[in-house]
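Report on one structure; see the data block that follows.
All of the numbers you see were taken from the coordinates with simple rules; none came from a lab. Predicted, not measured: the structure shown is a model, and the values here were computed from it. Cβ placement follows ideal geometry from the backbone for every residue including glycine, while neighbour counts extend to all protein chains displayed.
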């Protein structure tokens with residue numbers, strides 16, 4: 001893990017990159033990284049995020065600044081700007097079930113080609129997907145999802161990059177921290193090594209490429 | 001009584017001690033207000049919590065503790081937090097005993113449509129498809145009709161949430177079950193007759209010999 005400034009970290013992300021961003025309705029989202037993505041005007045992003053949050057909050061800021069060209073998400077109904085951009089065909093949007101979303105990312109991070117899920121069988125979600133029967137039950141083959149960058153928000157990070165999360169801010173963060181080429185982390189608190197007991201580490205340090213230093 | 005409160009109170013009677021329950025947004029959220037205090041029900045919030053408690057008092061909210069809509073909540077003693085893979089493992093894996101969801105349409109075969117109106121409302125399905133596919137028992141809590149049109153239809157015209165039929169629909173007028181694979185009128189709301197329910201229901205309902213009134 002390398003400590004970097006938020007400016008240096010975001011400078012590594014080219015326009016047009018694919019990014020996974022942790023958080024659920026803006027809770028557990030690395031806000032400082034997103035503010036900097038907006039300041040550096042990284043355009044044409046492929047965003048993989050559970051939702052579109054709300055304008056002004058979390059990944060909602062990326063829609064405010066019209067930086068997203070492709071989106072994979074589960075629910076964007078609470079962000080009117082994201083809805084408008086989708087209906088105006090400014091963003092190509094793939095809306096998928098939340099359990100499928102997280103399992104595709106988990107598969108991407110765990111070296112699996114995909115997962116078999118019963119969710120969506122016989123619905124619009126099944127269009128164009130392979131149906132596989134196992135022991136008489138039908139499942140959809142849902143392929144793995146990865147990104148060039150994962151932007152993750154933790155509660156505690158130690159000097160090595162071991163991470164823990166807090167309450168409902170954990171959500172997609174530890175799963176995404178395994179599914180990208182480069183993992184960039186912000187933390188509420190940076191603490192000395194040893195403060196996080198081994199049994200409490202959720203994301204082990206070798207998964208973290210860059211930790212944003214305190215400003 | 002307010003139609004939403006009739007629905008919420010009646011659904012609350014379906015919950016048992018020890019149940020792990022997921023409540024959707026809207027009317028389903030109200031159900032928690034009518035669960036008797038001595039009933040030890042675990043409520044799951046799919047953003048990663050078992051043991052959701054009431055909205056915190058003024059000044060006590062924590063920005064990292066919210067419900068699936070992003071609103072501040074509290075956590076009861078004994079609560080547990082986890083990531084989204086675990087949360088949906090619980091849902092899809094049959095570990096959630098009861099899910100209570102809102103609905104746009106339920107048809108005579110018990111199929112639910114509740115996630116999109118093509119060309120009009122395309123918010124995304126969120127967790128709804130996983131919940132209907134995986135929860136042990138699926139209860140739909142919704143108004144019987146919207147703008148004078150029955151929401152209990154012969155066949156769903158809107159895209160289905162799942163091909164798995166729901167177990168129970170609770171409306172402001174009736175309780176409808178699907179035990180035999182066909183919509184069956186189980187109960188009527190206080191002061192509502194069987195004929196009145198049939199008159200405002202598009203789907204054919206099987207009517208048993210006796211149809212008791214809802215106990216609230």
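Note on chain B: with a GNM built from Cα contacts shorter than 10 Å, the maximum mean-square fluctuation among B:122, B:35, B:21 falls on B:122.
Can you tell me the FRET efficiency between residue A:138 and residue B:109 if r is taken as the Cβ-Cβ distance and R0 is 22 Å, rounded to the nearest 0.05? Walk me through the numbers on the way to the answer.
On the way: r = 18 Å, r/R0 = 0.81.
Efficiency at R0 = 22 Å is approximately 0.80.
Stretched out straight at 0.36 nm per residue, the stretch from residue A:195 to residue A:214 would grow longer than its current Cα-Cα span by 5.1 nm. Stretching the chain fully between residue A:2 and residue A:90 yields a gain of 28.1 nm (0.36 nm per residue, less the alpha carbon separation).
Two-decimal Rg/Rh of the range B:144-216 from alpha-carbon positions, Kirkwood Rh? Numbers along the way, then the final one.
Working: Rg = 12.1 Å, Rh = 12.8 Å.
Using Cα coordinates only, the ratio equals 0.95.
Spatial offset of the range B:161-175 relative to the range B:98-151 amounts to 8 Å, using the alpha carbon center of each. Taken residue by residue and averaged, Cβ atoms of other chains lying within 10 Å of the Cβ of B:74-86 number 5.
Determine, from the Cβ-Cβ distance of residue B:149 and residue B:76 and an R0 of 45 Å, the FRET efficiency 1/(1 + (r/R0)^6), rounded to the nearest 0.05. Once the sixth-power term is evaluated, E becomes 0.70.
Give me the percent relative contact order of the range B:3-199, please, defined on Cα pairs under 8 angstrom at least 6 residues apart. Working shown, then result.
On the way: 404 pairs, mean separation 38.6, N = 197.
Relative contact order for the range B:3-199 comes out at 20 percent.
Show that you can apply the helix-only estimate: for chain B, add -39,500 (n - 2.57) for every DSSP H stretch of four or more residues, divide by all residues, and state [θ] at 222 nm to the nearest 500.
Numbers: 5 runs with 36 residues, N = 216.
About -4000 deg cm²/dmol.
Could you work out which residue, out of B:23, B:76, B:64, moves most in a Gaussian network model of chain B, that is, has the largest mean-square fluctuation with Cα springs under 10 Å? Comparing B:23, B:76, B:64 in a Gaussian network model of chain B, the most mobile one is B:64. Each of residue A:188 and residue A:66 was given a label point 7 Å from its Cα along the Cα-to-Cβ line. The distance between the two points is 3.6 nm. The share of C-alpha pairs in chain B whose separation exceeds 26 Å stands at 34 percent. Evaluated at q = 0.18 Å⁻¹, a Debye calculation over the C-alpha positions of the range A:122-215 (equal weights, vacuum) places log10 I(q)/I(0) at -0.76. Among the residues of B:91-103, the average count of other protein chain beta-carbon atoms within 10 Å of the residue beta-carbon is 1. The angle between the Cα long axis of helix A:98-109 and the longest principal axis of the Cα atoms of chain A comes to about 60 degrees, rounded to the nearest 10.
Extents of the range A:82-174, taken as max minus min of Cα coordinates on every principal axis and listed largest first, are 49, 42, 25 Å.
Normalising the Debye intensity of the range B:44-136 to I(0), with uniform scatterers on Cα atoms only, and taking log10 at q = 0.20, 0.21, 0.24 Å⁻¹ returns -1.04, -1.10, -1.23.
Model label sites at residue A:116 and residue B:60, defined 7 Å from Cα along the beta-carbon direction, differ in position by 4.8 nm. Taking A:73, A:52, A:197 in turn, the Gaussian network model of chain A (Cα-Cα springs below 10 Å) assigns the largest fluctuation to A:197.
Averaging the sequence gap over all C-alpha pairs within less than 8 Å and six or more residues apart, then dividing by the number of residues, gives chain A a relative contact order of 23 percent.
With N denoting the number of residues in the protein assembly as shown, provide Rg(C-alpha) divided by 2.2 N^0.38 Å, to two decimal places. Write down the numbers at each step before the final one.
Working: Rg = 22.5 Å, N = 431, 2.2 N^0.38 = 22.1 Å.
It is 1.02.
Shielding of peptide A:49-56 by partners, expressed as the average count of other chain Cβ atoms within 10 Å per residue Cβ, is 2. One Cα centroid belongs to the range A:76-109, the other to the range B:1-56; the line between them spans 28 Å.
Working from Cα pairs under 8 Å separated by at least six residues, relative contact order for the range A:52-118 is 26 percent.
On the principal axes of its alpha carbon atoms, the range B:1-100 extends 37, 37, 24 Å, with the longest extent given first.
State the volume of the convex hull built on the alpha-carbon positions of chain A, expressed per residue in Å³ and rounded to an integer. All intermediate terms of the calculation are to be shown ahead of the outcome.
Details: hull volume 26.1 nm³, N = 215.
Dividing the Cα hull volume of chain A by its residues yields 121 Å³.
Taking the C-alpha atoms only, the angle from helix B:3-12 to the longest principal axis of chain B is near 70 degrees.
When DSSP beta bridges are restricted to pairs lying wholly in the protein assembly as shown, around 40% turn out antiparallel.
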